[in-house]
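First the structure, in the form of structure tokens, and then the observations on it.
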Amino acid sequence: MSEKYKKPEKLAEGNYWVGYTNTDSAFRTNAYIIQSGDEIALIDAGSAWFFKNMSAQIETIVDVNKIKYFIQHHQDPDLCSSLPFWEKKIGPRKILAHSKANILIYHYGVKSELVNVDFINWELQMPDRLIKFIFMPYMHSPGEIMTYDTKTKVLFSGDIFGGLSFDWHLYANEDYFEAMDAFMEHYMPSKEIVNINMKKIENLEISMICPQHGSIIPGDRVKDAIENMKNLECGSYLYE
Ligand SMILES: [Fe+2]
Ligand SMILES: [Fe+2]
């Protein structure tokens, strides 16, 4: 990994990549923060394995005690197992996830308030911006969501649009769709479900897509990435 990406990277106003990640795996994890006024939302908090390094990395740019929200796109351990460590460091906060995800996130032993985004009108008002949550059921979890920053137009997409590759770059290069297909074809359940959900974002103004694995997809490649997802032979279609 280039030295450059051992530090957080500013993506847009108040949006940072903070993903400290294992360099010897194709399955790299990304985390992000939204900083708005005096509030911070940590998106897909990360794995217990990387907590020490990631929290140290975040501390180089913000006061972690200002983290008010953990936004969790689903319940998997690669994004949730650090939550009890975060709570030990800064105390309980609010965990925002879909009700079908929070019911499982509870079992990490967390003490934070579990806020179901489907019960709060799918949005969160932060001091200088409105955050919207987009329901993406079964991609790959029944309570999957994406997070959209209406101020910067950045779409935080969780596992969706994620890629698997040893040859990692923070920003997607021309080989990225191949890396994306390698992950998505097994984790996405069916072409039908993918196409129903892609309709929710294909007319959205998106400045970049920030997945939890792989590389960030810049604005000029967003349309192609969505098309690529819609045409992907995946999940049940692989085993017909
Ligand atoms: Fe996952
Ligand atoms: Fe993941």
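Within the stretch 17-43, being among the charged types (D, E, K, R) and either under 18 Å from LYS6 (Cα atoms) or free of Cβ contacts under 8 Å to residues at least 24 places away in the same chain (or both) holds for ASP24, ARG28. Of the listed requirements (1) closer than 25 Å to LYS100 by Cβ; (2) outside any loop (DSSP other than H, G, I, E, B); (3) away from ligand 2 (no atom under 16 Å from the Cβ), PHE156 misses just one: (3). Mind listing whichever residues of the stretch 159-181 are within 15 Å of ligand 1 (Cβ to nearest atom), surrounded by fewer than 23 Cβ atoms within 10 Å (Cβ to Cβ) and outside any loop (DSSP other than H, G, I, E, B)? None - no residue of the stretch 159-181 is within 15 Å of ligand 1 (Cβ to nearest atom), surrounded by fewer than 23 Cβ atoms within 10 Å (Cβ to Cβ) and outside any loop (DSSP other than H, G, I, E, B), so the list stays empty.
Within the stretch 116-144, residues that are more than 15 Å from HIS73 (Cα to Cα) sit with their Cβ atoms under 9 Å from residues that are of a type in the set (A, V, I, L, M, F, W, C), at 6+ positions apart or across chains, in these pairs: ILE120/LEU96; ILE120/PHE133; GLN125/ILE131; MET126/ILE34; MET126/ALA41; ARG129/ILE34; LEU130/LEU124.
How many residues are in contact with a Lys or Arg (Cβ under 7 Å, 6 or more places away or on another chain) and among the small types (Gly, Ala, Ser) if we restrict to the stretch 18-40?
Of all residues in the stretch 18-40, those in contact with a Lys or Arg (Cβ under 7 Å, 6 or more places away or on another chain) come to 21-22, 36, 38-40.
Cutting the leftovers down to among the small types (Gly, Ala, Ser) gives us 36.
Final tally of qualifying residues: 1.
Does SER82 satisfy being surrounded by 22 or more Cβ atoms within 10 Å (Cβ to Cβ), within 16 Å of ligand 1 (Cβ to nearest atom) and hydroxyl-bearing (Ser, Thr, Tyr)? I'd like the intermediate steps shown before the answer.
Values: surrounded by 22 or more Cβ atoms within 10 Å (Cβ to Cβ): yes; within 16 Å of ligand 1 (Cβ to nearest atom): yes; hydroxyl-bearing (Ser, Thr, Tyr): yes.
The answer is yes for SER82.
Yes or no: SER55 surrounded by 16 or more Cβ atoms within 10 Å (Cβ to Cβ), within 14 Å of ligand 2 (Cβ to nearest atom) and farther than 15 Å from PHE156 by Cβ? First the steps, then the outcome.
On the way: surrounded by 16 or more Cβ atoms within 10 Å (Cβ to Cβ): yes; within 14 Å of ligand 2 (Cβ to nearest atom): no; farther than 15 Å from PHE156 by Cβ: yes.
Here the answer is no, as SER55 does not meet what is asked.
For the stretch 190-229, what are the residues that are surrounded by fewer than 16 Cβ atoms within 10 Å (Cβ to Cβ), in contact (Cβ under 8 Å) with a residue 12 or more places away in the chain and within 16 Å of GLY163 (Cα to Cα)? Of everything in the stretch 190-229, those that are surrounded by fewer than 16 Cβ atoms within 10 Å (Cβ to Cβ), in contact (Cβ under 8 Å) with a residue 12 or more places away in the chain and within 16 Å of GLY163 (Cα to Cα) turn out to be PRO218, ASP224.
All conditions but one from (1) part of a helix (DSSP H, G or I); (2) in contact (Cβ under 8 Å) with a residue 40 or more places away in the chain; (3) touching a Ser or Thr at 6+ places or on another chain (Cβ under 6 Å) apply to ILE58; the one that does not is (3). Among the residues of the stretch 159-178, those identified as touching a strand residue (DSSP E or B) at 6+ places or on another chain (Cβ under 9 Å) and either among the hydroxyl-bearing types (Ser, Thr, Tyr) or within 16 Å of ligand 2 (Cβ to nearest atom) (or both) are ASP159, ILE160, PHE161, GLY162, GLY163, LEU164, TYR171, TYR176.
We did not get these values from a lab; they are worked out from the coordinates using the rules stated. Keep in mind it's a predicted model, so treat the numbers as computed, not measured. We place every Cβ from the backbone using ideal geometry, glycine too, and count neighbours over all the protein chains shown.
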